[in-house]
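**Student:** Sharing a structure with you now.
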Amino acid sequence: MRKFATVITVLLLVMLLGAPTLAQDSMTLTVMRFFGDCVDTFGDVTDLSGTTSECGIITTLTNIWNAENPDVQVETIVADWPGTTQLNAAIAAGTPPDIAVLHGRRIPIYASRGALTPLSDVMEAVGIDASDFTEGAADYGIYQGEFYGVPFDLAATIWHINLDLWAEAGLVDDMGAPMLPTSPEDFVAAAEQVYGATGKPIAEMAGQAGTVRPLTAFIFQLGGALSDDAGNPTVNTPEALEALNYILELQSFGAITRPYNEINNAIAVENFANGESAGLIDGTWRINGFDRQIAEGDVALENYYVADFPQLFEFPGTFAGSHNWLVPLGQNADPARVQAAAEFIKWLSDNSVVWARVGHGMTRSSVINSEEFQNLPHRLEYASMSSNVRSVPREVWGNAFWAIVHEEVEAAILGIKTPEVALADAQARLDDFILFQS
Amino acid sequence: MGSAKIANGRRYPLRLSKIERQDALVGFLFIAPFIILYLIFNFVPILQGFWISLHNWDVIGTNIKFVGLRNYEILFGKDKLFWSSLEHTLFFAVLAGPGLIITGLALALMLNQRVRGIGIFRTVFYMPNILSVTVVGLVFARVFAPGERGFVNAILDSLGISMGSWFLDEASAMPTIAITKVWWSVGFNMLIFLAGLQDIPQALYDAAKVDGGGRWALFRHVTLPGLRRPMLFVIVLQVIASVQVFPLIDVLTGGGPAGSTRPLVMYLFERSFDYWQLGYGSAIAFVLFVFLFSISIFQLWFFSRGEVD
């Protein structure tokens, strides 16, 4: 009996001691991401040629990783955009994924609560060169001097242009490029010229592309800021009022965009594709879609050009979001899992030029300067975007700012509130948000 | 042995016999699984929600701090959005509620006929009710789309009437949502009323006709009293559903334009999940619970006045 007990004890000890070794041999990482579910189409695909959609690219990249790394398999959990509801539930339940993707402005609130794993050291360990990120892009992953996210792309607001309609108005130069306005007066004059020649608006703006995105861009261009020295939000400022009044002027002018209450984002996109507007203010994520529609020949749009968001005031500055890869395993995560997660993130980052096919801007100088990136359609047309982008301040209120300011600017555009009241209400709501942080 | 007098004047013993006690025990055992599950999954979360409402509490379970009744003080004291959201919710309930009840009743009256093929009509009118909110949202976003793309605007345009976007105009957004809600949900009410109509004995109508009652008199003195219980059921359910409206508005307007269609439950969601203020969101939820509970009790009392079994 004693002999039997000894054998069992030894066996148990061997199993217990061997377990970590066995676990290290093979690991499965969970990745929670949005970008859609396309397993039916791309479930087994490991060839990236010709793939241009967000879902297709990320699924194929994951397939390639799994094929090349049998010891560290990646399992995808597809979350609904913007990915926060499922991630919050997983963190609250104590079962966070190893890797998640979030918009950069959402990082500070997670990091401030200790829900994210600091990444600066492990990035260095796996060879992600932080100095390779462009200055504007690096900000999106940082909170209080520490990287908590690895910026994957820049999804910026840009100006989609129908060159044929601009040519009709005589606003295309000898090189075939549009003659872009550089001041508020130029912008209005160009709009009048295009509208006079074609009867179509020059820069259709709908939804957030008509509210918080241009507001923040114009505040930056006017030299204003979105926070004070203490890091508190400031939106009731002279620069914000000037920017909002200018947006109201653009909205009411008629030649810039159709009235805000007559179009939504989907319709503005349709209008542009169907040649019913000479320009559209919207995101980089539309570029590939327009190119595909043109190639398939099912839209009126033919000669398509992509310009930076117009710089009409003194300083460069435009809105951009940024998808960031992060490790939501908390402050005391298993170093082996964090290392494995960082290696997968590095691999994605190293292959991010493929992601650029969608139209997004890139975050790494080495990628931006690569021949493959430069050869992608339209890249040279909006080349300065990556250095012009400005991040929402890296504060816990970053995401709340976005929703609140959009709603209040919308109220001003629709005449529900005066610009002064809208900005004051936005400031009061943001102050209220801060109150709950104390 | 003590006894208690009840309504019909008969006296019943307060103490139960052994057999009665055994019967009662069996009865309790039968309902025990429900009671236990109800306590675990309904009652405990309600209490837990109230407990959370007394705290600052992040949605991911961090930053927890007891604040007592501060969330309620802010809610009732200075939160303009809470009151405007409540106002939007009640406005929606006022717009959609009568439409759902009157249209449901009208459809039920029309379909309470013995005609060949009537089942097809009943099915057709009930069918929208089985669609998901996303499908309904997408369909009506198209029906009320701006310009010629929208079905309604295309018809109005042909009549020389110009309308912008129904969902992007502060004045038209909520009524348009209410119309969508009526189209989507009226089939359920129709079904309840139809069942109620078929329970009313034909003899009552015959007797009323013999007494010289016309159509309106039959409806007023036979049909409506006969539908008392289905009516109570429908009204209570509609009020609860209207006050809890969220997904339909989320799909159609997202609470816009400029927050003018934001209902209370959407506000609760925003504070809890977008702003991470689960404590404050729980306070809104608890207020909503008390509000709905009170209204439902009032409705039950109001409609059961003078009712005789």
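What follows draws every value from the coordinates through simple rules; no lab data is involved. All values derive from a computational prediction rather than experimental measurement. Ideal geometry is used to build each Cβ from the backbone, glycine not excepted, and the neighbour counts take in all protein chains shown.
**Student:** Within a Cβ distance under 13 Å of A:Phe147, other residues only, what is the Lys/Arg minus Asp/Glu net charge?
**Tutor:** On the way: positive: A:Lys346, A:Arg394; negative: A:Asp121, A:Glu124, A:Asp129, A:Asp132, A:Asp139, A:Glu146.
Combined, the nearby Lys, Arg, Asp and Glu give -4.
**Student:** Given the C-alpha atoms of segment B:72-304, compute the convex hull and give its volume per residue in Å³. Display every interim value, and only then the final one.
**Tutor:** Values: hull volume 36.9 nm³, N = 233.
Dividing the Cα hull volume of segment B:72-304 by its residues yields 158 Å³.
**Student:** Normalised by the residues of chain A, what does the relative contact order come to in percent, with Cα pairs under 8 Å and at least six apart? Numbers along the way, then the final one.
**Tutor:** Numbers: 758 pairs, mean separation 107.4, N = 438.
Relative contact order here is 25 percent.
**Student:** Nearest 500 deg cm²/dmol is fine: what mean residue ellipticity at 222 nm does chain B get from its DSSP H runs of n ≥ 4 alone, each adding -39,500 (n - 2.57), divided by its residue count? Spell out each step's value before the answer.
**Tutor:** Numbers: 14 runs with 197 residues, N = 309.
So the calculated ellipticity at 222 nm is -20500 deg cm²/dmol.
**Student:** Angle check, please: helix A:184-198 long axis (alpha carbons) against the longest principal axis of chain A (alpha carbons), in degrees 0 to 90, nearest 10.
**Tutor:** Here the helix axis deviates by roughly 70 degrees.
**Student:** Still on this structure: Once the other residues with Cβ under 15 Å from the Cβ of A:Met205 are scored (Lys, Arg +1; Asp, Glu -1), what is the net sum?
**Tutor:** Overall, the nearby charge balance is -3.
**Student:** Related question: Could you work out how far apart the two model spin labels at A:Glu242 and B:Ala154 are, taking each label as a point 7 Å from the Cα in the direction of the beta carbon, and quote it in nm?
**Tutor:** Distance between the two pseudo-spin positions: 4.8 nm.
**Student:** Taking square-rooted eigenvalues a ≥ b ≥ c of the alpha carbon gyration tensor, is segment A:263-328 rounded, prolate or oblate, where a/c under 1.5 means rounded and, failing that, a/b exceeding b/c means prolate?
**Tutor:** Details: a/c = 2.16, a/b = 1.37, b/c = 1.58.
Here segment A:263-328 falls in the oblate category.
**Student:** While we're here: Which whole number in µm²/s is D for chain A by Stokes-Einstein, with the Kirkwood Rh taken over Cα pairs at 20 °C and 1.002 mPa s? The partial results should precede the final answer.
**Tutor:** Details: Rh = 23.4 Å.
The calculation lands on 91 µm²/s.
**Student:** Using 0.36 nm per residue, how much length does the chain from B:Lys209 to B:Leu47 gain when fully extended, once their Cα-Cα distance is taken away?
**Tutor:** Numbers: separation 162, 0.36 × 162 = 58.32 nm, distance 5.52 nm.
This chain segment gains 52.8 nm when fully extended.
**Student:** Ranked highest first by average number of other Cβ atoms within 10 Å, how do A:92-102, B:285-295 line up?
**Tutor:** Values: A:92-102: 20.0, B:285-295: 15.2.
Top of the packing list down: A:92-102, B:285-295.
**Student:** What are the equivalent ellipsoid semi-axes of segment B:197-309, built from the alpha-carbon gyration tensor (square roots of five times its eigenvalues), in whole angstrom, biggest first? Present the calculation step by step, with values, prior to reporting the outcome.
**Tutor:** Working: eigenvalues 375, 57, 16 Å².
Values for segment B:197-309, descending: 43, 17, 9 Å.
**Student:** Using 7 Å Cα-to-Cβ label points, what is the B:Phe28/B:Val115 separation (nm, one decimal)?
**Tutor:** Here the answer is 5.6 nm between the modelled labels.
**Student:** Now for a separate question. Where the centroid of each part is defined by its Cα atoms, how far is segment A:303-332 from segment A:227-287 in Å?
**Tutor:** Between the Cα centre of segment A:303-332 and that of segment A:227-287, the gap is 16 Å.
**Student:** Sticking with this one: What number results when the radius of gyration of the protein assembly as shown, computed over Cα atoms, is divided by 2.2 N^0.38 Å?
**Tutor:** Details: Rg = 31.3 Å, N = 747, 2.2 N^0.38 = 27.2 Å.
Normalised by 2.2 N^0.38 Å, the Cα Rg of the protein assembly as shown equals 1.15.
**Student:** Please average, across the residues of B:273-280, the number of beta carbons from any other chain that are within 10 Å of each residue's own beta carbon, and give a whole number.
**Tutor:** On the way: counts 4, 8, 12, 11, 6, 2, 1, 2.
Going residue by residue through B:273-280 and averaging, the value is 6.
**Student:** Can you give the mean number of other chain Cβ atoms that lie within 10 Å of the Cβ atoms in peptide A:81-94? Don't skip to the answer; put the middle values down first.
**Tutor:** Numbers: counts 0, 1, 0, 5, 4, 0, 1, 8, 3, 1, 5, 6, 2, 1.
Per residue, the average neighbour count from other chains is 3.
**Student:** Over segment B:72-304, calculate the relative contact order: mean separation of alpha carbon pairs under 8 Å at least 6 apart, over the residue count, as a percent.
**Tutor:** Details: 241 pairs, mean separation 66.4, N = 233.
The value is 29 percent.
**Student:** May I ask for the net charge around A:Asn232, where only other residues with Cβ less than 15 Å from the Cβ of A:Asn232 are counted and Lys, Arg are +1 while Asp, Glu are -1? Spell out each step's value before the answer.
**Tutor:** Details: positive: A:Arg394, A:Arg429; negative: A:Asp228, A:Asp229, A:Glu395, A:Asp431, A:Asp432.
Summing Lys and Arg as +1 and Asp and Glu as -1 gives -3.
**Student:** Taking each residue of B:255-261 in turn, how many C-beta atoms of other protein chains fall within 10 Å of its C-beta, and what is the average?
**Tutor:** Working: counts 2, 7, 8, 14, 6, 5, 0.
The per-residue average across the peptide is 6.
**Student:** Going 7 Å from the Cα of A:Ala428 along its beta-carbon direction, which residues of segment A:234-266 have the amide nitrogen within less than 17 Å of the resulting point?
**Tutor:** The answer is A:234-237, whose backbone nitrogens lie closer than 17 Å to the label point.
**Student:** For n ≥ 4 DSSP H runs only, could you compute -39500 (n - 2.57) per run for chain A, divide by its residues and tell me the 222 nm figure to the nearest 500?
**Tutor:** Dividing the helical sum by the residues of chain A leaves -13500 deg cm²/dmol.
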